[in-house]
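Here is the structure we will look at, set down as structure tokens.
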Amino acid sequence: MNKEAIAAIVERATSGQKPESTRVEATAPALTAEDLGMTDIERERSAMLHVLGLVGFRKKQLGQTFDAYVPQEESQKAAVEICQAFANDWPDVERGLILMGKTGTGKTHLAAATLREILTNEAVESGGWSLTNPVRMIRKYAWFRVPWLLNEYRDRRFESGAKLRERALTCDLLVLDELGAENATDFALDLLTDILGERYEEERPTVITINQATAGELKGRYGDRILSRFAGAYKRIRFTGDEPDWRTR
Ligand SMILES: Nc1ncnc2c1ncn2[C@@H]1O[C@H](COP(=O)(O)OP(=O)(O)OP(=O)(O)O)[C@@H](O)[C@H]1O
Ligand SMILES: [Mg+2]
């Protein structure tokens, strides 16, 4: 389909006339980047945003790359190195990661940078973002903020809630951002115990961020069974410096 053909369809649609044949419209090929006059760079960027959105990235995560992270002290430097090594070694990693520390130390930023690097490596292997298979990417990778995941799961219920749970259980790499920030209900405990327990059994790595303030409550909240699984299945990254919160510095 060329630009004139698209212009004609748009013209008919906006003037209220029906297309000459709905059959032609139904069988018309999808718009290509060339039809839309997009350059290769625009097409790649648009494909990248599409994939990142499907995986679960929010707008805030789009700028959270390794390049944009400026370590302020030793524990942050060590954290970047561990996260970069994890992304480079992926999928040959034996343990997940737990990033733990005060507010604004960059836990979410580094978790996002790690997943972004892994996704970018996949895109490079496929020959570009626009050549990646989005369905495959969603099956392999998921980013969830824990409070969001619980709300969605509860609100959607039944079929689509089950799909969400299934994705969290079976994707190759799951990122759970802000574990402990959810309301501590039995419902939350059941779902999280289920996800973490199943992933542990299947040896599927998970990257978790936990705020220091809630870390102390985890034992009381999730109990020894989950915590003992954390011990062997995750590498801990602790942000120990007393740099001010990056957001308010
Ligand atoms: N060292 C850093 N270099 C560049 N940007 C940073 C750095 N640390 C944090 N930021 C930015 O500051 C903001 C807060 O960081 P982030 O969300 O990663 O904090 P957090 O440790 O997850 O905090 P919380 O425990 O409140 O969730 C983000 O926009 C992040 O990109
Ligand atoms: Mg965070």
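Of note:
- With 21 Å as the limit on Cα-Cα distance, the pairs of K60/K235; K60/K102; K59/K219; K59/K107; K140/K163 that go past it are K60/K235; K59/K219.
- The gain in end-to-end length when the A78 to T248 segment is fully stretched comes to 58.9 nm, 0.36 nm per residue minus the alpha carbon separation.
- Rg to Rh quotient for region 77-186, alpha carbon positions, Kirkwood Rh: 0.99
- Cα-based shape type of region 44-238, given that a ≥ b ≥ c are square roots of the gyration tensor eigenvalues and the cut on a/c is 1.5: oblate
- Likely footprinting exposure, C83, C171, fewest C-beta neighbours within 10 Å first: C171, C83
- Sparse-neighbour loop sites [GluC sites (Glu not before Pro); region 53-105; at most 12 other C-beta within 10 Å; DSSP]: E94
- When only Cα pairs below 8 angstrom with a gap of at least 6 residues are kept, region 44-238 shows a relative contact order of 30 percent.
- A crude spin-label estimate for the pair D35 and T240, with each label 7 Å from Cα along the Cβ direction, gives 5.9 nm.
- If the chain linking R136 and T170 were pulled fully straight, counting 0.36 nm for each residue of separation and taking away their Cα-Cα distance, it would gain 11.0 nm.
- Cα-based helix-to-principal-axis angle, 3-14 vs the chain, degrees rounded to 10: 90 degrees
- Taking the helices alone, the chain has a mean residue ellipticity at 222 nm of -18000 deg cm²/dmol, built from -39,500 (n - 2.57) per DSSP H run of at least 4 residues and averaged over all its residues.
- GNM result for the chain, Cα springs below 10 Å: residue of R225, R199, R236 fluctuating most strongly: R225
- Region 79-125 versus region 179-195: alpha-carbon centroid distance in Å: 23 Å
- In the chain, taking the dipole from charged Cβ atoms about the Cα centre, the farthest positive-side position among T248, W129, I118 is held by T248.
Read-outs: derived from the displayed coordinates by stated rules, not from any lab. What you see is a predicted model, and the numbers here were worked out from it, not measured in a lab. Reconstructed Cβ throughout: ideal geometry from the backbone, glycine too, with neighbour counts over all protein chains shown.
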